[in-house]
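The values are calculated or read from the model by the stated rules, or taken from the named source; none is laboratory data. The model shown is predicted, which means the values in this text are computed figures rather than measured ones. Note: ideal-geometry Cβ built from the backbone for every residue, glycine included; neighbour counts use all protein chains shown.
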């Protein structure tokens, strides 16, 4: 029994040490997220995640990615770009800037601003987003990061806040 406990402690210590190395100052982060809960309204165009939705015979989809640089241990400054198509000739280019902090090297917390340039829109949607999750390092440079995100609308025309469940896939260099 003692050997099993010691082996489990050794595995957890290795995983913790590996996460510390990948979120150290000077490292890079490239990330792609899914966007469950993004919705199918025009508000959904302001995000940098991969998403797909279908409603009333119309399909909405989006592609995006984010990158970051660790300016301090566990603290990355991030930027992202995305493209979304809502059908009916409505599309948008999205952008995102923010910061991501890895609490205890395992719990990513993010605050960011997301906006979009929507074709023929009277007002472009923009959001302040707060996100928290868990970073599971499945390899030396790869993490899977499920999380919850709440986007607070900054517009009068798009007053709908968005709650999302995301699964992120990150590469650490």
Need pairs with beta-carbon distance below 9 Å; first residue in contact (Cβ under 8 Å) with a residue 60 or more places away in the chain and at positive phi and within the range 87-107, second surrounded by 14 or more Cβ atoms within 10 Å (Cβ to Cβ) and assigned to a strand (DSSP E or B); sequence gap 6+ or separate chains. 105/137
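Criterion first (part of a strand (DSSP E or B), in contact with a helix residue (DSSP H, G or I) (Cβ under 8 Å, 6 or more places away or on another chain) and buried (at least 21 other Cβ atoms within 10 Å of the Cβ)) does residue 112 satisfy it?
No.
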Restricting the range 136-160 to residues that are crowded, with 20+ Cβ neighbours inside 10 Å and under 12 Å from the mean Cα position of the chain (by Cα), the one farthest from residue 86 (Cα to Cα) turns out to be 145
For the range 76-99, does any single residue satisfy the condition of being assigned to a loop (DSSP other than H, G, I, E, B) and either touching a helix residue (DSSP H, G or I) at 6+ places or on another chain (Cβ under 9 Å) or surrounded by 15 or more Cβ atoms within 10 Å (Cβ to Cβ) (or both)? no
Residues of the range 70-94 satisfying the condition of being at pLDDT 95 or above and either within 17 Å of residue 51 (Cβ to Cβ) or in contact with a strand residue (DSSP E or B) (Cβ under 7 Å, 6 or more places away or on another chain) (or both): 70, 71, 74, 75, 76, 77, 78, 79, 80, 81
